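Single-structure report; data block below.
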Amino acid sequence: MTRTLIAAASCLIALPALADEHGRYVYADFEVSVPHIDLAECPDGLATGDVICRVTMNDDALHVYVFEAEGERPFIAVHSYYDEDFDLVLTK
């Protein structure tokens, strides 16, 4: 649990270092620097409006990153789900 919290905190601390010249973290920075999976749609209740979601896995947690879908696609939020918070279902 502690390792997961440290890893999540490290990701958030790194955000300003990867931000564009305006101090905002945008999807282009995330795309090239963070291994992730594109989600076809954001999980229910996670975000509203015209947004895109990407998921990363770290230790026993999934982290869902939310970005605006248009323009420079600025970062909006990250939501973390630990192994007791979700069931992984694989489909073909």
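Considering (1) at pLDDT 95 or above; (2) part of a loop (DSSP other than H, G, I, E, B); (3) among the charged types (D, E, K, R), the lone condition that ARG54 does not fulfil carries the number (2). A count restricted to the range 48-58 and to residues that are in contact with an Asp or Glu (Cβ under 9 Å, 6 or more places away or on another chain) and surrounded by 13 or more Cβ atoms within 10 Å (Cβ to Cβ) stands at 5. Checked against (1) surrounded by 14 or more Cβ atoms within 10 Å (Cβ to Cβ); (2) at pLDDT below 85; (3) touching a helix residue (DSSP H, G or I) at 6+ places or on another chain (Cβ under 9 Å), ASP20 meets all criteria but (1).
Could you grab me the full set of residues in the range 57-92 that are out of contact with any strand residue (DSSP E or B) (no Cβ under 7 Å at 6 or more places or on another chain) and in a loop (DSSP other than H, G, I, E, B)? Once the filter is applied, which keeps residues that are out of contact with any strand residue (DSSP E or B) (no Cβ under 7 Å at 6 or more places or on another chain) and in a loop (DSSP other than H, G, I, E, B), the range 57-92 yields ASP59, GLU70, GLY71, ASP87, LEU88, VAL89, LEU90, THR91, LYS92. In the condition set (1) surrounded by 15 or more Cβ atoms within 10 Å (Cβ to Cβ); (2) modelled with pLDDT of 90 or more; (3) under 15 Å from HIS79 (Cα atoms); (4) among the hydrophobic types (A, V, I, L, M, F, W, C), VAL26 is compliant with all but (3). Number of residues in the range 34-47 that are closer than 27 Å to GLY23 by Cβ, out of contact with any helix residue (DSSP H, G or I) (no Cβ under 9 Å at 6 or more places or on another chain) and surrounded by 12 or more Cβ atoms within 10 Å (Cβ to Cβ): the value is 4.
Can you name the residue in the range 77-92 that is surrounded by 15 or more Cβ atoms within 10 Å (Cβ to Cβ) and not hydroxyl-bearing (Ser, Thr, Tyr) and is also farthest from the chain's Cα centre (by Cα) among such residues? Among residues in the range 77-92 that are surrounded by 15 or more Cβ atoms within 10 Å (Cβ to Cβ) and not hydroxyl-bearing (Ser, Thr, Tyr), the one farthest from the chain's Cα centre (by Cα) is HIS79.
The values are calculated or read from the model by the stated rules, or taken from the named source; none is laboratory data. From a predicted model like this one, the values you see are computed outputs, not experimental measurements. Using ideal geometry, Cβ is built from the backbone for each residue, glycine included, and neighbour counts are taken over all protein chains shown.
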